[in-house]
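Peer 1: Got a structure for you, written out below as structure tokens; questions coming shortly.
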């Protein structure tokens, strides 16, 4: 349900909420977008390096592949969350513009809840990815050969630098989802502020 359109300026409480939506929307949008782009670049690099054609030992990256799948799902959800942050700015414009039908509080809360839910689910999936990847790294660290002069030393048994890139990409994705969660919670607080 929308408020009837009129040419009078919106009340101060609506202007305050519109300002909060606009500011939070742009901060979340740009922060999440930058972190997502960096994470995608790192993930693509890791996928190219960890592809089966370049791996010396097929079993060495099998677990990492499962973690990468969850990480990519988390990035996909982050893309939707970025879109939701942009929608906050459009919602602010509709609230503030005279002569347009203003969205109701319930409609505004529905959009914020959708953004909050997408960020929470994206963070959960990305945390599952991090657990899988960190488990593989722990297994690699525990099973590393102790002697460098041993004849059966395989470099794939050691933790590789690309493994840390994957952890870094997941950390960026988690931080991006956290920014979206914090923004949505702050907006809910602003809407119900007296």
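The values are calculated or read from the model by the stated rules, or taken from the named source; none is laboratory data. Since we're looking at a predicted model, the values are computed, not measured. Positions of Cβ are generated from backbone atoms using ideal geometry, with glycine treated the same way; all protein chains shown enter the neighbour counts.
Peer 1: In segment 98-113, how many are in a helix (DSSP H, G or I) and either free of Cβ contacts under 8 Å to residues at least 40 places away in the same chain or more than 17 Å from the chain's Cα centre (by Cα) (or both)?
Peer 2: Result for segment 98-113: 7.
Peer 1: Among the listed residues 95, 116, 168, which satisfies the condition of being modelled with pLDDT of 95 or more and either farther than 25 Å from residue 32 by Cα or in a helix (DSSP H, G or I) (or both)?
Peer 2: 116
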